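Chemist: This structure is in structure tokens; I'll ask about it shortly.
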Amino acid sequence: MKFLQTIRLWILLIIIQIYTIQSNTQKVDDSSNNVYALLVIDVQYCFINGSLALKNSPANQDGAEVVPIINELIKTVPFDVIAYSLDWHPKNHISFINNTIYRNQYILNGQYQDYKIGDTITYTGPESRTDQVLWAAHCVQNTDEAELSDDLIHYPASDKYVYVVKGTDPDIDSYSAFYDNNKLHMTPLNDELKKRNVTHVFVAGLALDFCVGSTAVDAADLKYKTYVIKDASRGVNDETIKTKLIEMKQHGVKIIESDDVENIVKHNQHSKRKFINFQRRKQIYNLLQRILENE
């Protein structure tokens, strides 16, 4: 009886060894260690139907159109992390056109002019020299229009769901969800992603040529594998959209459509399962070896 049990164990050991060798020669995909995050950028009322609604900008794109696309991604793609950024400005923010008069002493050459929305102004201080695009007051802290769209799927903060605010310094704007525009300070986003071992990020939201694009460029520079979901983003100006797309590609950002995302992430899930099965077979093989050695 003991002899038959030993034979069975040897046969099982040989079968497992064959499968393990096959898995080894196929090379377990490195993507088994990938951790995927969706970065939802500034899908707030101010950019949808508020003071800086994209549909009123030169490109005439409707910010509300990204909401159902992003919702579908959240429902169907098994992201490990979903992070939301919000523009969150104080009333005296440097980007607001109505505040230029209060910053006259910092305007380059000291010349106050009759500026209009979309103009770029150079300030020499108070923190550092900065080229600032002027906007209508928008996304003012603790106002209704600064809130995320109620139609956007979002859940309370947790290990999976992360929220960061940006543009809180009155003297420096912040397009990127990672840094202010002068790279003087970081938001908590990079730390939160690193804590969760994120390796790949998918960026979507508003606006493609400013906050989405700047976030993607910084993500790539921070060594995340970075994708921008073009049909889940909307922009301000056709010309600046083209320029930002070129810049993103130069930094290694891949431009994709929402239909591509599920295949990329699910391939990773398949690789993880393969890796786990491979590890389990190795463990069983080692256990059987020990049993046979003690026979």
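The values are calculated or read from the model by the stated rules, or taken from the named source; none is laboratory data. Predicted model, so just to flag it, every value in this text is computed and none were measured. Positions of Cβ are generated from backbone atoms using ideal geometry, with glycine treated the same way; all protein chains shown enter the neighbour counts.
Chemist: Going through 201, 164 one at a time, which residue ends up being outside any loop (DSSP other than H, G, I, E, B) and over 28 Å from residue 98 (Cβ atoms)? Can you show your working first?
Modeler: Numbers: 164 fails: over 28 Å from residue 98 (Cβ atoms).
Sole residue among the options that is outside any loop (DSSP other than H, G, I, E, B) and over 28 Å from residue 98 (Cβ atoms): 201.
Chemist: Working only within the range 32-66, note down all residues that are without any contact (Cβ under 8 Å) to a residue 24 or more places away in the chain and under 21 Å from residue 179 (Cα atoms).
Modeler: Within the range 32-66, no residue meets the criteria.
Chemist: Considering only residues that are assigned to a loop (DSSP other than H, G, I, E, B) and within 20 Å of the chain's Cα centre (by Cα), look in the range 183-193 and name the one that is surrounded by the most Cβ atoms within 10 Å (Cβ to Cβ). Quick ask: steps written out before the conclusion?
Modeler: Let us first name the residues in the range 183-193 that are assigned to a loop (DSSP other than H, G, I, E, B), namely 183-185, 187-188.
Pick out the ones that are also within 20 Å of the chain's Cα centre (by Cα) and you get 183, 185, 187-188.
Working: 183: 13, 185: 13, 187: 20, 188: 16.
Selected residue: 187.
Chemist: Right, another one. Determine which single condition residue 87 fails, assuming it passes every other condition in (1) more than 21 Å from residue 57 (Cβ to Cβ); (2) touching an Asp or Glu at 6+ places or on another chain (Cβ under 6 Å).
Modeler: Checking residue 87 against (1) more than 21 Å from residue 57 (Cβ to Cβ); (2) touching an Asp or Glu at 6+ places or on another chain (Cβ under 6 Å), the one that fails is (1).
Condition check ((1) small (Gly, Ala, Ser); (2) crowded, with 20+ Cβ neighbours inside 10 Å) across all residues:
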position: 101; (1), (2): no, no
position: 128; (1), (2): yes, no
position: 143; (1), (2): no, no
position: 151; (1), (2): no, no
position: 172; (1), (2): no, yes
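Chemist: Further question on the same structure: Tell me yes or no: at least one residue of the range 220-236 is at pLDDT 95 or above and assigned to a helix (DSSP H, G or I).
Modeler: Our first condition is that a residue be at pLDDT 95 or above; within the range 220-236, this holds for 220-236.
Still in the list and also assigned to a helix (DSSP H, G or I): 220-221.
Yes, there is a match, as at least one residue in the range 220-236 is at pLDDT 95 or above and assigned to a helix (DSSP H, G or I).
Chemist: Taking only the range 94-109 into account, find how many residues are in contact with a strand residue (DSSP E or B) (Cβ under 8 Å, 6 or more places away or on another chain) and either among the acidic types (Asp, Glu) or touching a residue at least 24 places away in the same chain (Cβ under 8 Å) (or both).
Modeler: The first filter runs over the range 94-109 and keeps only residues in contact with a strand residue (DSSP E or B) (Cβ under 8 Å, 6 or more places away or on another chain), leaving 94-97, 100, 103, 106-108.
Now restrict to residues that are either among the acidic types (Asp, Glu) or touching a residue at least 24 places away in the same chain (Cβ under 8 Å) (or both): 94-97, 100.
Adding up the residues that qualify gives 5.
Chemist: Can you tell me how many residues in the range 150-198 are free of Cβ contacts under 8 Å to residues at least 12 places away in the same chain and closer than 27 Å to residue 95 by Cα?
Modeler: 4
Chemist: Oh, and also: Return only the number of the condition from (1) out of contact with any helix residue (DSSP H, G or I) (no Cβ under 6 Å at 6 or more places or on another chain); (2) among the small types (Gly, Ala, Ser); (3) at pLDDT below 95 that residue 157 does not satisfy.
Modeler: (3)
Chemist: Quickly run through the range 48-70 and pick out the residues that are outside any loop (DSSP other than H, G, I, E, B), farther than 19 Å from residue 228 by Cα and not hydrophobic (A, V, I, L, M, F, W, C).
Modeler: To start, the set of residues in the range 48-70 that are outside any loop (DSSP other than H, G, I, E, B) comprises 48, 54-56, 63-70.
Next cut, farther than 19 Å from residue 228 by Cα only: 48, 55-56.
Listed by number, the residues that qualify are 55, 56.
Chemist: Among what's in the range 76-131 and is touching a His at 6+ places or on another chain (Cβ under 9 Å) and part of a strand (DSSP E or B), pick the residue that is nearest to residue 146 (Cα to Cα).
Modeler: Selected residue: 87.
Chemist: Can I ask one more? Select, from 166, 160, the only residue that is within 28 Å of residue 56 (Cβ to Cβ) and under 15 Å from the mean Cα position of the chain (by Cα).
Modeler: Details: 160 fails: within 28 Å of residue 56 (Cβ to Cβ).
None of the other options fit; the residue is 166.
Chemist: Also, quick follow-up: Please work out if residue 198 is of a type in the set (Val, Ile, Thr), surrounded by fewer than 23 Cβ atoms within 10 Å (Cβ to Cβ) and modelled with pLDDT of 95 or more. Talk me through it step by step, then tell me what you get.
Modeler: Working: of a type in the set (Val, Ile, Thr): yes; surrounded by fewer than 23 Cβ atoms within 10 Å (Cβ to Cβ): no; modelled with pLDDT of 95 or more: yes.
The answer is no for residue 198.
Chemist: For the range 204-219, what are the residues that are within 18 Å of residue 74 (Cβ to Cβ) and either in a helix (DSSP H, G or I) or at pLDDT below 95 (or both)?
Modeler: Restricting attention to the range 204-219, the residues satisfying the condition of being within 18 Å of residue 74 (Cβ to Cβ) are 204-206, 212, 215.
Once the filter is applied, which keeps residues that are within 18 Å of residue 74 (Cβ to Cβ) and either in a helix (DSSP H, G or I) or at pLDDT below 95 (or both), the range 204-219 yields 212, 215.
Chemist: Just give me the residues in the range 82-95 being surrounded by fewer than 23 Cβ atoms within 10 Å (Cβ to Cβ) and either of a type in the set (Phe, Trp, Tyr) or touching a Ser or Thr at 6+ places or on another chain (Cβ under 6 Å) (or both), in sequence order.
Modeler: Within the range 82-95, 88 is the sole residue that qualifies.
Chemist: Right, another one. Only one of these is at pLDDT 60 or above and either surrounded by fewer than 12 Cβ atoms within 10 Å (Cβ to Cβ) or touching a Lys or Arg at 6+ places or on another chain (Cβ under 7 Å) (or both): 4, 39, 73, 54. Name it. Write out each step before concluding.
Modeler: Working: 4 fails: at pLDDT 60 or above; 39 fails: either surrounded by fewer than 12 Cβ atoms within 10 Å (Cβ to Cβ) or touching a Lys or Arg at 6+ places or on another chain (Cβ under 7 Å) (or both); 73 fails: either surrounded by fewer than 12 Cβ atoms within 10 Å (Cβ to Cβ) or touching a Lys or Arg at 6+ places or on another chain (Cβ under 7 Å) (or both).
Exactly one residue qualifies, and that residue is 54.
Chemist: In the set 175, 155, which member is on the phi < 0 side of the Ramachandran plot, in contact with a Cys (Cβ under 7 Å, 6 or more places away or on another chain) and in a loop (DSSP other than H, G, I, E, B)?
Modeler: Details: 155 fails: in contact with a Cys (Cβ under 7 Å, 6 or more places away or on another chain).
After ruling out the rest, the residue left standing is 175.
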